[in-house]
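Scroll down for the structure; my scribbles are underneath it.
The values are calculated or read from the model by the stated rules, or taken from the named source; none is laboratory data. In this text the structure is predicted, and so the values were computed from the model without any measurement. FYI the Cβ positions are ideal-geometry reconstructions off the backbone, even for glycines, and counts take in every protein chain you see.
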Amino acid sequence: MLSSSLRLGCLGTRQLALTSRSRSGCPGRQGQLQAAVSRPGGRHMAGPHRPGLATSASAARLEGHSWLPKELGIRLPEHCQVPPATLPLLHQVLEHYAERTPGLRTVVEGVMRPRYGAGTEAARELGHDHFAFRTFGVPGLGISSLERILVPLGYQRMDDPEAPLTFPGKKLVATWFTPTDPRVRAVLPRVFVSEIQVERLSDAAQGVIRGATAWAAATAAAAGGEEAVTVQVLTALLTGTAPWPRPTLEQYELLLRESEYAAWVLAHGYSLNHTALALHRLPRGVGHNLDMNDFVRHLEGAGMAMNAEGGLVKVSPDGLLLQCSVVADRRPFDFACGQRRDIAAAYVEFVKRLRLPRFAELRAEELREEHLREGFEVGNADRIFESTTLAAH
């Protein structure tokens with residue numbers, strides 16, 4: 001039997017389904033809308049689907065096929081203190097991301113394997129520097145909704161909650177998480193989580209967002225409701241979906257005119273926005289000597305469109321954090337009322353962290369993750385956000 005908090009979550013979702021049908025302006029399609037919201041986070045990206053299976057990604061895994069290139073799997077070192085559920089969840093998130101990001105395979109097969117030895121014995125895995133998620137800053141959701149999941153999975157928040165990273169022009173705040181166990185920080189990704197400050201948007205944009213997320217605020221305010229919201233968010237992570245009904249094209253375009261970030265979250269919810277591959281973790285003699293400008297040329301040679309906002313290579317003021325990203329893939333999305341459009345989906349980023357000055361005397365073979373530049377840089381991240389904006393317009 002469901003706990004009281006879970007029943008509250010289901011009730012909140014059911015109430016939202018009824019509201020969505022009355023406001024959708026889609027007569028004759030109520031059954032489809034109800035089907036989409038009867039399982040919170042119904043999948044909206046167009047693609048193959050099999051009855052009884054949540055997604056084509058889950059179907060593929062049942063048949064022994066994975067969308068994820070083998071080099072992007074994560075393997076934990078022995079005797080590390082990581083909860084057993086952590087790695088399966090991260091791999092599930094990656095699997096859904098790989099399914100909807102064809103550019104990822106181009107990166108691996110067109111650049112990382114032929115140019116940098118990925119998949120060989122010397123570089124069996126490509127390290128993930130970080131995962132990035134986007135959220136709505138509304139009661140029950142936002143950064144805190146993922147914090148409630150990440151902390152039990154062995155992560156810790158790395159900034160002051162009262163002083164997050166800020167992006168005033170985009171009306172965003174952000175923070176990041178790292179594994180608590182130092183032994184896995186060179187293996188498990190950091191997790192960068194941002195949220196849009198909904199209260200700073202126009203009344204019309206707020207209305208769309210608060211209408212979609214009203215169930216979360218109502219559920220979180222009830223006794224034990226935070227647990228129910230967390231279950232909904234966790235379900236969205238595991239299925240690569242949004243914990244609200246699919247939007248109409250009109251709602252999406254309204255947000256897109258004001259904030260591409262908000263429109264992206266409305267469509268994709270808790271799907272992984274991007275993974276950032278850790279170029280500094282490539283084999284010794286490759287990652288250490290890698291020239292980022294040469295790397296960008298290799299990506300362009302493989303047909304990848306690059307995010308050139310602020311330069312092809314984004315460099316932190318201290319010169320120790322180098323980042324670049326491709327433009328997001330555009331993928332078909334099925335809106336309410338049966339409309340389909342190509343919209344910005346996910347993308348791939350690349351990071352190279354250089355050694356901190358106090359470790360200048362270390363030989364290249366002695367360098368470990370803790371000797372390198374840590375954290376994130378607002379100026380770099382602000383431009384990396386544009387990877388979906390460039391694809392959306």
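Cβ separations smaller than 9 Å between residues 6+ apart or across chains give the following pairs from segment 364-392 residues that are touching a residue at least 24 places away in the same chain (Cβ under 8 Å) to residues that are assigned to a helix (DSSP H, G or I) and among the hydroxyl-bearing types (Ser, Thr, Tyr): PHE385/TYR261; THR388/TYR261; THR389/TYR261.
For (1) at pLDDT below 95; (2) more than 17 Å from HIS280 (Cβ to Cβ); (3) not β-branched (Val, Ile, Thr), each residue gets a yes or a no:
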| position | (1), (2), (3) |
| --- | --- |
| ILE343 | no, yes, no |
| VAL348 | no, no, no |
| VAL351 | no, no, no |
| GLU361 | yes, yes, yes |
| ARG383 | no, yes, yes |
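If you go through segment 362-382 and pick out every residue that is more than 14 Å from ASP129 (Cβ to Cβ) and in contact with a Leu (Cβ under 8 Å, 6 or more places away or on another chain), you end up with 2.
Within segment 268-281, is there a residue that is closer than 30 Å to ASP203 by Cβ and not in a loop (DSSP other than H, G, I, E, B)? Looking for residues that are closer than 30 Å to ASP203 by Cβ and not in a loop (DSSP other than H, G, I, E, B), one finds at least one in segment 268-281, hence yes. When you check LEU234 against the structure, is it over 25 Å from GLU386 (Cβ atoms), part of a helix (DSSP H, G or I), at pLDDT 95 or above and hydrophobic (A, V, I, L, M, F, W, C), yes or no? In short, yes. Evaluating ARG281 against the criteria (1) under 24 Å from ALA98 (Cβ atoms); (2) of a type in the set (D, E, K, R); (3) at pLDDT 95 or above leaves one unmet condition, (3). Beta carbons closer than 6 Å, at least 6 apart along the sequence or on distinct chains, pair a first residue in segment 211-232 that is surrounded by 18 or more Cβ atoms within 10 Å (Cβ to Cβ) with a second that is of a type in the set (Lys, Arg) for THR230/ARG148. Report yes if some residue within segment 260-270 is among the acidic types (Asp, Glu), at pLDDT 95 or above, out of contact with any Asp or Glu (no Cβ under 8 Å at 6 or more places or on another chain) and under 28 Å from GLU374 (Cβ atoms); otherwise report no. No, because not a single residue in segment 260-270 is among the acidic types (Asp, Glu), at pLDDT 95 or above, out of contact with any Asp or Glu (no Cβ under 8 Å at 6 or more places or on another chain) and under 28 Å from GLU374 (Cβ atoms). Examine segment 171-186 for a residue that is small (Gly, Ala, Ser), in contact with a Gly (Cβ under 8 Å, 6 or more places away or on another chain) and either in a loop (DSSP other than H, G, I, E, B) or under 18 Å from PHE376 (Cα atoms) (or both), and state whether such a residue exists. Among the residues of segment 171-186, at least one is small (Gly, Ala, Ser), in contact with a Gly (Cβ under 8 Å, 6 or more places away or on another chain) and either in a loop (DSSP other than H, G, I, E, B) or under 18 Å from PHE376 (Cα atoms) (or both), which makes the answer yes. HIS288 meets all of the listed conditions (1) in a loop (DSSP other than H, G, I, E, B); (2) more than 21 Å from PRO189 (Cα to Cα) but one, namely (2).
Residue-by-condition table, conditions (1) part of a helix (DSSP H, G or I); (2) over 26 Å from TYR97 (Cα atoms); (3) at pLDDT 95 or above; (4) in contact with a helix residue (DSSP H, G or I) (Cβ under 9 Å, 6 or more places away or on another chain):
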{"site": "ALA218", "(1), (2), (3), (4)": "yes, yes, no, yes"}
{"site": "ALA223", "(1), (2), (3), (4)": "no, yes, no, yes"}
{"site": "ALA228", "(1), (2), (3), (4)": "yes, no, no, yes"}
{"site": "PRO243", "(1), (2), (3), (4)": "no, no, no, yes"}
{"site": "PRO247", "(1), (2), (3), (4)": "no, no, yes, yes"}
